[in-house]
Structures are given as C-alpha cells and as structure tokens.
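Sending over a structure as structure tokens; questions will come in a sec.
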Amino acid sequence: MEQDAQFKNRFAAALSTLEALGQEHVLHFYAGLDAASKEKLLDQIESVDWEELSGLIESHVKVKPEVHLSEDIEPAPWYPSVPAEGDEKKYEKALALGHKLIKDGRVAAFTVAGGQGTRLGWAGPKGTFAATPLRGVTLFGCFAEYIRHVQKKYDCTVPWYIMTSPLNHTETVKFFEENEYLGLDKANVMLFPQGMMPAVDCESGKVLLQEVDSIALSPNGHGGSLKALYTSRAIHDMRQRGIQHISYVQVDNPLVKLIDPMFIGLHAMDESEMSSKMLPKRDPFEKLGNFCKVDDKVTVIEYSDLPDELAVQRGDDGELKFLAGSVAIHAMTVDFVEKLNKGGFGLPFHRADKKVPYLDFETKLPVNPEEPNGVKLETFVFDALPLCEVSIVYEALREEEFAPIKNADGPGVLDSPATSKQMQSDRAGRWLEANGVDVPRDAHGHVDAMIEISQVTAVDAEGLAKHPLPEKIDRGAEILL
Ligand code: UTP
C-alpha cells in the first residue's frame, strides 16, 4: 500500500513536470508496467533536469545552434616540445618539478571511458578492446602498465580514476575484477559513472523512448567528467590522498604519456588551472579542435567552426598560424575542478545528430534507424579552458603520443586498430634505433616488423637503454620487449 502511494506521488510529480514541457508521452506506457519497470522509469525521469533540457530543445534541437565567434581570435601560444633558445633552464626546472610532484604522490591519472565507441563497433567498453600489436593488451591494460612503470620508477602511488557511464559501468567493473585490477592495487583504482542526457527526436523535439520503461539516454559528453569527478566524490578522495594535479586522457589512445613529468611540471610551474597538449596540424583543415586565444582566454574552436580564412592563414615563416590542434590530453588542478563545482558552473552543450534506436509508439517495436533521427546533447571538457585564470598549451609529438583507435578497420581507414598498431610498432622501432639497434623499414618508412614494447619495460627511448637489446631486427620479425 505504502509503495502504491509512493508511486502515485512520484507519478503525479513526473506527469506535472512533463506535461508542462510537452513531454508527457514519456509516461505513455506507464499504466501497464510492473512495479520494477515503474520504478526504473520514474528513477530515470527524476534524474533528468527537464527545465534545462527543455531550454536546450528550443536552442539546439528545434533550430541548429548558431556559433557566435568573437572578433578577437588569435592563435594560442604554446610551449614547443624542444625549448626555444633561452628557455632551457625553465624546462629543466619544470621537469624537476614534474618529477618531484609525481614522486611525492601529488599526481593522479584520470581516464574518461564513458563514451559509447559506436564508430569502433566493439561490443564491450572501449577500454577492454585489445590494442597492442602482439600481446593484444587492452586499452585499460596499456594505462595500467604505464602506471605500474611510474609507480616503480618513482616509488610512489599513482591513483587511477576512471569515468564510465551507466551504460558500461557494470561491465567495466567486472572487467577489472576478472583481471585482478590489471596488476594494480584495487584500493588505488576508482571507477565512477558520468551523467546522462535524453536523446531527442530531431523533427518533433520529443524525448525518445528506448523501451516502454526507459528513455533513450546517452552519456552527457566528456565535459560531464568535470561534474562527475565532484559528485562521485573522486575529488574528495584525491584531497584525502594529497593529490594536486589530475592527468586527463581519453581511453582510446594507447600511445598517450599517461603521466608526463615535463607537461605536469610546466603546468604546475605556471600555476595553470587546466593545461593542454597540442599537435601541429597536418593541414589547415585537419579535424582537430584549434587552440586559440579568444578575448584573451585559451579556447578550443572546433575545426568545423574556425573560419576558413583563419584556418589557412600563414605566418612569415610559412607555417600555419592556427597550427595547434587539440588531442584531448589535459592536466588540471584539483582546486580548479572543485572551484568550478562550488561555483555551480555549466559548460555549453553541443548538438550531435545520431542514429538513435527508439521504440515505435504504434507498433511498440524497436526501430534501428538508417539515418540520423535523434539529437544527442553533450558537453566537451575543453570548454572549461576559458574558465581558467591561467591555461597553458604544450606541444606533443604526434608519432610519439597520438595513435587513437576510433574507427573499425577497413581499407584506407585512419585512426583504426591497424593504424594504431603500426604507429605503436613504428614508435618502438624508433626507440630501438635511438639505442643503436638496426631496424628494417619499408618503402613508406614504416618499421617492417611488428615490435611491441611493454610500458612496464619502458615509456620512452631512454628507458630502453638499461634493457638487453638485440643488435638487429629481421624483416618481418615479431619482437616483444
Ligand atoms: P569520442 O568523442 O571518440 O566518442 O570520445 P566515443 O563515444 O568514444 O566514440 P563514438 O563517437 O561513439 O565512436 C572521446 C573520449 O571521451 C570519452 C570516450 O570514452 C573517449 O575516451 N567520452 C565521450 C566519455 O567519457 N563520455 C562521453 O559522454 C563521451
């Protein structure tokens, strides 16, 4: 009886909210649901900020949001990977500071793994995808090896925070449990889910249902990490451990330097609140966000939003002026994340038109659309950059740090498992060559063998020096170090 009364009250509250916003169809099947399904649907309805969503439907779904760019757009300055003349001492100091912060246990690793990975088409959480060329170490496994390396080298603890989504959280936790936390201490690995947003029909502006008892919800973008770090109490946990800096990476890049002392050092030395790594773009229209200074604040302008006349501008040296592309590698302070949350910040939402499976009201059957039918609303982590007092950018080397796995393999497909494995092997080959090993190359300059260096063994060329190395690698050989 008591449960009935509770359902009644919750239903009445949900109906009144939804009716006011023209979304009452969400409760269309409610009367015919059993108690568990009623509970599930009401929980979902109560988890959504309907006022916010309703505003977003007006501004982002019913119309395509217009991008208003300031007149005042400059390229953002960056620290080059090799210090400019006169800056050598600064880099030396930054490196020493980075080493100290890591050794003193002030740095945490943070991986955002809440995405759906639809382009890759892997059934499980993306972090469980086998990424390396020989052993097939998973993406999560690559990060775990990196952490094991750093912990051993510095005799320190690097706690690892992983953001999942409600769609893959249970499976991700299961993976870690079954794989004994990939050789890490379970007490230092924290997994927490991010928030969700309903997908909306792009024609009618109505929220899509996935089943009779559930809304078509999807993760609210990697920008959701800045809130989820706080609401999950991960930030609280960091404070208790004395963490000051968070090294932020995406789950899909097995080459990323998960903990980079130089980057952390420059970020800390300049008292930057949130810092970024950049790559020099290959061409003016490469699909990377652009690091700009807008109204004097470091800002990422998406490739689709940067006016062409700016994208093609070149300096006196012939180099692109807007050269710095974003690869979603950041460092941020615990203070900054806390400050944002205490100040009740909100990041802007972006619209993505996607194929969203939904339930047909007439037939009650699931529909898998062939064309984009729904709008997903997401926030992006880089939109926090303009909220910083100080924000620095540091150059990374593409061939050393960026081989993302985004797309399924196919002829000519970039950012795929195959291209990533080739880049991993090429990097391993370069590290071996730097240590005097003779490495075969093909006509395109790629390593003509498959080489895998475990990140437990080395995370850079110098680190290989203390290991026994072959003099020469045979063409077509498979070498694991
Ligand atoms: P992507 O933009 O590549 O999206 O995410 P995705 O969902 O992984 O893949 P597609 O577009 O469906 O193919 C970049 C990074 O941000 C994380 C992803 O897990 C990945 O590490 N991410 C993305 C989240 O953690 N949450 C989100 O809501 C979106």
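How many residues does the range 361-378 hold that are acidic (Asp, Glu) and either more than 20 Å from Val61 (Cα to Cα) or in contact with an Asp or Glu (Cβ under 7 Å, 6 or more places away or on another chain) (or both)?
1
I've got another one for you. If the requirement is being within 14 Å of the ligand (Cβ to nearest atom), buried (at least 19 other Cβ atoms within 10 Å of the Cβ) and either over 18 Å from the mean Cα position of the chain (by Cα) or free of Cβ contacts under 8 Å to residues at least 60 places away in the same chain (or both), which of these qualifies: Thr132, Thr138, Thr111?
Result of the check over Thr132, Thr138, Thr111: Thr138.
Moving to a separate point now. Checking the conditions here, which among Gly136, Gly117, Gly124 is closer than 30 Å to Gly410 by Cβ and at pLDDT below 95?
Gly117
Among the numbered criteria (1) within 16 Å of the ligand (Cβ to nearest atom); (2) surrounded by fewer than 18 Cβ atoms within 10 Å (Cβ to Cβ), which one does Lys152 miss?
Tallying (1) within 16 Å of the ligand (Cβ to nearest atom); (2) surrounded by fewer than 18 Cβ atoms within 10 Å (Cβ to Cβ), Lys152 fails exactly one: (1).
Right, next: Condition first: of a type outside the set (Phe, Trp, Tyr) and either within 12 Å of Thr111 (Cα to Cα) or within 16 Å of the ligand (Cβ to nearest atom) (or both). Now tell me which residues in the range 155-169 satisfy that.
Hits for the range 155-169 are Pro159, Ile162, Met163, Thr164, Ser165, Pro166, Leu167, Asn168, His169.
On to the next question. Please give the number of the condition Tyr146 fails out of (1) surrounded by fewer than 22 Cβ atoms within 10 Å (Cβ to Cβ); (2) out of contact with any helix residue (DSSP H, G or I) (no Cβ under 8 Å at 6 or more places or on another chain).
That leaves (1) as the condition not met.
Hey, can you tell me all the residues within the range 404-421 that are in a helix (DSSP H, G or I), touching a residue at least 60 places away in the same chain (Cβ under 8 Å) and either within 14 Å of the ligand (Cβ to nearest atom) or surrounded by fewer than 18 Cβ atoms within 10 Å (Cβ to Cβ) (or both)?
Within the range 404-421, Pro417, Ser420 meet the criteria.
Going by the structure shown, is Pro193 within 16 Å of the ligand (Cβ to nearest atom), in contact with a strand residue (DSSP E or B) (Cβ under 6 Å, 6 or more places away or on another chain) and under 21 Å from Ala14 (Cα atoms)?
The answer is no for Pro193.
From the list Ser54, Ser47, which residue is touching a residue at least 12 places away in the same chain (Cβ under 8 Å), of a type in the set (S, T, N, Q) and more than 30 Å from Ile301 (Cα to Cα)?
When all the criteria are applied, what remains is Ser47.
Check the range 71-83 and report whether any residue there is within 16 Å of the ligand (Cβ to nearest atom), out of contact with any helix residue (DSSP H, G or I) (no Cβ under 9 Å at 6 or more places or on another chain), of a type outside the set (Gly, Ala, Ser) and assigned to a loop (DSSP other than H, G, I, E, B).
No: the range 71-83 contains no residue that is within 16 Å of the ligand (Cβ to nearest atom), out of contact with any helix residue (DSSP H, G or I) (no Cβ under 9 Å at 6 or more places or on another chain), of a type outside the set (Gly, Ala, Ser) and assigned to a loop (DSSP other than H, G, I, E, B).
Right, here's the next one. Evaluate the following for Ile235: is it among the β-branched types (Val, Ile, Thr), within 16 Å of the ligand (Cβ to nearest atom) and at pLDDT 95 or above?
Here the answer is no, as Ile235 does not meet what is asked.
Another question, then. Take the range 451-481 and flag every residue that is in contact with a helix residue (DSSP H, G or I) (Cβ under 7 Å, 6 or more places away or on another chain) and among the polar types (S, T, N, Q).
Listed by number, the residues that qualify are Ser454, Gln455.
Take the conditions in a loop (DSSP other than H, G, I, E, B), more than 16 Å from the ligand (Cβ to nearest atom), of a type outside the set (A, V, I, L, M, F, W, C) and surrounded by fewer than 20 Cβ atoms within 10 Å (Cβ to Cβ) and apply them to Gly436. Does it pass?
Judged against the criteria, Gly436 is a match.
Now for a different question. Just checking, how many residues over the range 1-29 are assigned to a loop (DSSP other than H, G, I, E, B) and out of contact with any Ser or Thr (no Cβ under 6 Å at 6 or more places or on another chain)?
Qualifying residue count, the range 1-29: 5.
Can you confirm whether Leu217 is touching a Cys at 6+ places or on another chain (Cβ under 9 Å) and not small (Gly, Ala, Ser)?
The answer is no for Leu217.
Further question: If we only count helices (runs of 4 or more DSSP H) wholly inside the range 165-282, which ones have 1 or more residues that are in contact with a Pro (Cβ under 8 Å, 6 or more places away or on another chain) and farther than 29 Å from Ile451 by Cα?
Once the helices (runs of 4 or more DSSP H) in the range 165-282 are filtered for at least 1 residues that are in contact with a Pro (Cβ under 8 Å, 6 or more places away or on another chain) and farther than 29 Å from Ile451 by Cα, what remains is 169-178, 224-231, 234-241.
Residues Gly124, Gly117, Gly105: which one is within 16 Å of the ligand (Cβ to nearest atom), touching a helix residue (DSSP H, G or I) at 6+ places or on another chain (Cβ under 8 Å) and either at positive phi or assigned to a helix (DSSP H, G or I) (or both)?
Of the residues listed, the single one that is within 16 Å of the ligand (Cβ to nearest atom), touching a helix residue (DSSP H, G or I) at 6+ places or on another chain (Cβ under 8 Å) and either at positive phi or assigned to a helix (DSSP H, G or I) (or both) is Gly117.
Of the residues Val67, Val63, which single one is over 30 Å from Asp415 (Cβ atoms), part of a loop (DSSP other than H, G, I, E, B), of a type in the set (Val, Ile, Thr) and at pLDDT below 95?
Answer to the selection: Val63.
May I ask you to list the residues in the range 317-345 that are within 16 Å of the ligand (Cβ to nearest atom) and of a type outside the set (A, V, I, L, M, F, W, C)?
Residues satisfying the conditions are Gly325, Ser326, His330.
Restricting attention to the range 39-61, does a residue exist that is out of contact with any strand residue (DSSP E or B) (no Cβ under 9 Å at 6 or more places or on another chain) and basic (Lys, Arg)?
Looking for residues that are out of contact with any strand residue (DSSP E or B) (no Cβ under 9 Å at 6 or more places or on another chain) and basic (Lys, Arg), one finds none in the range 39-61, hence no.
Do you know which of the residues in the range 357-392 that are away from the ligand (no atom under 16 Å from the Cβ) and part of a strand (DSSP E or B) is surrounded by the most Cβ atoms within 10 Å (Cβ to Cβ)?
Tyr358
The values are calculated or read from the model by the stated rules, or taken from the named source; none is laboratory data. Note that this is a predicted model, so its numbers are computed, not measured. All Cβ positions, glycine included, derive from the backbone under ideal geometry; neighbour counts span all protein chains shown.
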